[in-house]
Structures are given as structure tokens and as C-alpha cells.
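Peer 1: Next up is a structure, given as C-alpha cells.
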Amino acid sequence: MGKKSQCRCNLLLHFFLLLLSLFPTLSLSQSFDYGDALSKSLLYFEAQRSGRLPYNQRVRWRHHSGLTDGLEQGVDLVGGYYDAGDNVKFGLPMAFTITMLSWGVLEFRDEIAAAGELRHALEAIKWGTDYFIKAHTHPHVLWAQVGDGDTDHLCWQRPEDMTTSRRAYKLDEENPGSEVAAETAAAMAAASMVFRRTNPHYSHLLLEHAQQKYRGKYDKSIGGAKGYYTSVSGYMDELLWAALWVYKATDNSKYLNYAIQNALPFGGITWAITEFSWDVKYAGLQIIAATYVSTAVFLLTVYSDHLHATNQMLNCPTDSVGSHEILSFVKSQVAYILGSNPMGISYLVGYGPAYPKRVHHRGASMEPYRESKVFVGCTQGYDHWHGRQDPNPNVLVGALVGGPDSKDDYVDRRGNFVQTEACTYNTAPLVGVFAKLNALEKGSSNSTASAGFSLVSSI
């Protein structure tokens with residue numbers, strides 16, 4: 001084993017052991033319906049849609065919203081996703097969401113299809129990429145945000161009733177933002193591979209957009225993003241991350257060479273990696289993760305699948321870890337999410353008999369617009385809906401909430417947004433994980449990793 005391989009091996013083993021210490025490993029006496037969890041996790045994205053909803057919209061308590069987004073600036077920015085329980089469209093977490101959904105389909109397409117959910121997964125991805133195409137109005141222009149977080153958080157309104165600012169913010173050569181540009185490139189490159197079989201023209205269009213990117217720090221250009229999605233890690237990790245995805249989509253070695261040549265200067269192999277998230281991608285580059293359990297279990301599921309498909313183990317001078325050990329750990333974390341925890345509740349909303357009932361989510365917490373058609377004003381929402389002790393009138397099915405604190409306690413209170421708010425970028429990684437575990441449970445796993453796709457092999 002060479003010095004470089006040994007270093008990488010030690011990193012992987014170290015962080016796998018770190019994960020074991022950070023997250024409790026549980027005995028799996030309880031059985032879970034992973035297929036149901038998969039279906040529900042994909043349904044969640046329909047609740048987060050912005051724009052004109054399609055005829056086959058399954059979340060019926062939602063309605064059209066944000067239909068004038070971009071109008072003030074003379075650009076069509078209707079569509080995309082609200083990232084959490086508010087009504088702002090932030091480009092960086094939205095792009096990361098689509099990257100993770102696409103990666104899940106690329107790694108576990110057969111498993112998702114076997115569960116009857118491939119169409120829904122593709123629809124979830126395309127809802128995001130259609131928006132990115134609109135937002136990328138020029139090779140050097142990307143509209144990276146719609147709405148203002150400060151004014152939005154002063155109001156408690158359904159998306160259908162929004163009266164807050166819908167100002168759109170763009171990135172260009174004078175106001176650069178490589179975090180968003182590169183993550184959007186990664187999302188579109190990954191999605192281009194997803195649609196290569198079924199929609200080659202659309203796949204080619206996505207790839208064209210993916211190859212146009214630029215540099216800069218976006219939260220300096222968009223002050224409204226600071227405080228909500230401030231990029232602490234800077235843009236170097238996104239540039240490496242995007243380069244690998246565009247390389248996988250194009251097979252053009254210049255992108256791989258870019259990642260290899262800049263991995264050390266950009267900090268991709270020297271960062272103290274304790275996180276893989278919408279902001280920090282270094283863990284994704286090395287297929288390791290720590291603090292976010294949903295992204296951690298996804299990366300470990302992918303890595304376990306890669307080891308199994310290639311009949312390998314993670315062999316290090318002091319120890320070794322096989323695919324079964326990694327997968328057992330993944331299952332223990334999924335079990336925790338789905339209800340095998342001290343609180344005895346599922347943190348995936350709508351799954352099982354007990355789950356959060358007061359999710360911090362504007363639309364879910366109010367009477368459905370389709371039924372009432374009664375306008376709810378900015379402060380009226382806070383006065384009449386936010387502080388209610390009753391469960392939300394609409395169940396935000398498939399949402400992964402913030403979850404318990406360090407003592408495994410969970411307070412199901414709408415105002416407790418740290419624990420009760422859900423985000424698209426936390427649910428997205430679970431789609432592939434649920435699909436894989438469901439296939440294993442049914443004895444039908446045949447992941448696409450063994451059929452040739454694996455981002456792991458590029459890293």
C-alpha cells in the first residue's frame with residue numbers, strides 16, 4: 001500500500017470510528033418498512049414545491065405560489081423549492097438537494113425502480129433542474145436567491161399568501177459566487193447522467209449549463225444569504241466537488257486533473273473534516289462524513305456498496321472494515337431516525353404511529369389554502385396559527401426534522417425550530433439509503449454501483 005493510499009485509508013477508518021463514537025449503535029430488534037419510508041421521503045419534495053403545481057400533484061394541501069418570482073427583475077424565476085419551513089428560495093441548499101437526489105438515483109436506480117418510485121424521484125430532480133435552467137440566464141449570470149430571509153422570518157404566511165419581498169438576487173462577473181455556481185454545476189452534471197437514458201436532449205442541455213461556471217464568494221454578493229446560509233468553508237470545496245461531477249458526466253480528464261491538482265491547495269485533503277452538508281463538501285470528496293446523520297448514512301451506504309461490488313474491504317495497517325460492518329452501522333442510524341430511539345418516535349414525519357405533529361413549517365401549520373381560500377396576513381399567521389398547541393392541520397409527510405438534542409430529548413413545539421424544522425437537503429440523502437435497505441430487505445438489491453457508476457472510484 002502506497003503512502004497516499006495508506007493516508008486515505010487511515011482517514012476513512014478514523015472517520016468511520018469517529019462516526020461510531022458520535023452516533024449510538026442500536027440493536028435492531030425492531031423491523032422497519034423501508035419502502036414506505038422511501039415513498040414518504042419523495043412525497044416531501046412535492047410539499048416544498050414553489051411555482052405552478054402540476055395536475056398530478058399529490059400533496060393536495062399545497063397550491064400555486066411564487067408566480068411572480070423574478071418579474072421585478074424581468075426574468076422568469078417561477079418554480080424550484082422552498083428549502084425548509086419558510087418561503088425563501090436559497091440557491092445553494094437547493095442545488096445541494098438536487099445533487100444528493102441525483103447521486104442517490106445514480107447509485108441506486110434499480111432499487112428505486114424496484115420500489116416503484118423512480119418516476120417520483122426523477123420528477124423531484126427535474127423540478128429543481130428546470131428551475132436552474134431558468135436561473136442560469138447567461139453563461140456568466142446565475143440568479144441565486146428569491147426572497148429575503150429577514151423580512152420572510154417576520155411573517156408567518158403560507159407560500160400561497162406571500163406578501164413579503166420577492167426580490168431576486170443574481171451572481172455575475174461583478175458579483176461572483178462560486179459556492180452556488182459550482183454546486184449548481186454539480187447538480188446539473190449529476191442530473192444530466194440521471195436523464196441520459198430517458199431524456200437525452202434534456203440531459204445534454206443540463207450538461208451544457210453545468211460546464212459554465214465562475215468564482216467568487218456568494219454571501220458577500222448576496223447579503224441576504226448571510227445569517228441563513230453563510231458559506232463558512234468558502235468556495236474551494238464546491239469547485240472540487242463540481243469538477244468531479246462534471247468529469248463523471250463528460251469523461252473529460254481536464255476536470256479530473258483540475259480536482260487532483262487543486263485538492264491539496266484548496267484544502268480538500270487537509271481540512272479537519274467533521275461535516276458533510278450543503279456548505280462543506282470535503283467529506284463528500286473523500287466519502288466520509290460526521291455530524292449530519294442523513295448525509296453520513298448516505299455516504300456510508302454508497303461506500304459499503306462500492307466495497308461489496310468490488311469485493312474489497314477497507315484494509316489498514318491496524319484494522320479493517322468490511323461492507324457488512326458499515327451497512328450495519330447505517331441500519332442502526334436509520335433505525336434511530338425511524339423510531340428506535342429513547343423518545344420512541346420517528347423523526348421522519350408521517351412514518352409509523354408516533355412522529356412530530358408540530359413541525360415548524362408555515363404551509364403545514366395553517367388551514368389548507370385549497371379549502372379555505374381565506375387570505376392569511378403576515379402577523380395574522382403568527383397570532384392565529386404559529387402559537388397554537390394543536391397539531392399541524394397538514395402532515396408534512398416525509399420531512400426529516402432537526403431531531404433530538406444531545407441528551408436525546410425532543411420538544412415537539414412549533415416555535416422550537418432547531419428541532420422541529422425540516423430541510424430538503426437533510427431528506428434528500430435518505431432517498432438512496434431507504435431504497436438500498438428496502439432492496440436488501442426484499443433480497444433484490446442490484447445497485448448501479450456494480451454496473452459501472454461510482455463517484456467513489458474518482459476520489
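Coordinate-derived values only; no laboratory data. In this text, all values refer to a predicted model and were calculated from it rather than measured experimentally. Cβ atoms come from the backbone with ideal geometry, glycine included; neighbour counts cover every protein chain shown.
Peer 1: Under a crude label model (7 Å from the Cα following the beta-carbon direction), how far is HIS386 from MET343 in nanometres?
Peer 2: It works out to 2.1 nm between the two label points.
Peer 1: Given a Förster radius of 56 Å and the C-beta distance between VAL374 and GLN261 as r, what FRET efficiency does 1/(1 + (r/R0)^6) yield to the nearest 0.05?
Peer 2: Numbers: r = 59 Å, r/R0 = 1.05.
With a Förster radius of 56 Å, E is 0.40.
Peer 1: On to the next question. To the nearest 0.05, how large is the calculated FRET efficiency for LYS442 and GLU123 if R₀ is 22 Å and r is the Cβ-Cβ distance?
Peer 2: On the way: r = 24 Å, r/R0 = 1.07.
Approximately 0.40, to the nearest 0.05.
Peer 1: For a quick protection proxy, order the peptides 353-361, 84-92, 374-382, 63-71 by their average other-Cβ count within 10 Å, most packed first.
Peer 2: Put in order of decreasing packing, that is 84-92, 353-361, 63-71, 374-382.
Peer 1: What's the ranking of 120-129, 412-421 by average number of surrounding C-beta atoms within 10 Å, highest first? Display every interim value, and only then the final one.
Peer 2: Working: 120-129: 22.6, 412-421: 17.1.
Going by the mean number of other Cβ atoms within 10 Å, highest first, we get 120-129, 412-421.
Peer 1: Still on this structure, please answer the following. What distance in nm separates the simple spin-label points at ARG58 and GLN212, each placed 7 Å from Cα in the Cβ direction?
Peer 2: Placing both labels 7 Å beyond Cα along the Cβ direction yields 3.5 nm.
Peer 1: What nm distance separates the two modelled labels at LYS254 and HIS140, each placed 7 Å from Cα along Cα→Cβ?
Peer 2: Result: 1.8 nm between the two label points.
Peer 1: Just subtract the alpha-carbon distance of GLN30 and ASP76 from 0.36 nm times their residue separation and send over the number in nm, one decimal.
Peer 2: Values: separation 46, 0.36 × 46 = 16.56 nm, distance 4.86 nm.
Extending this stretch completely gives an extra 11.7 nm.
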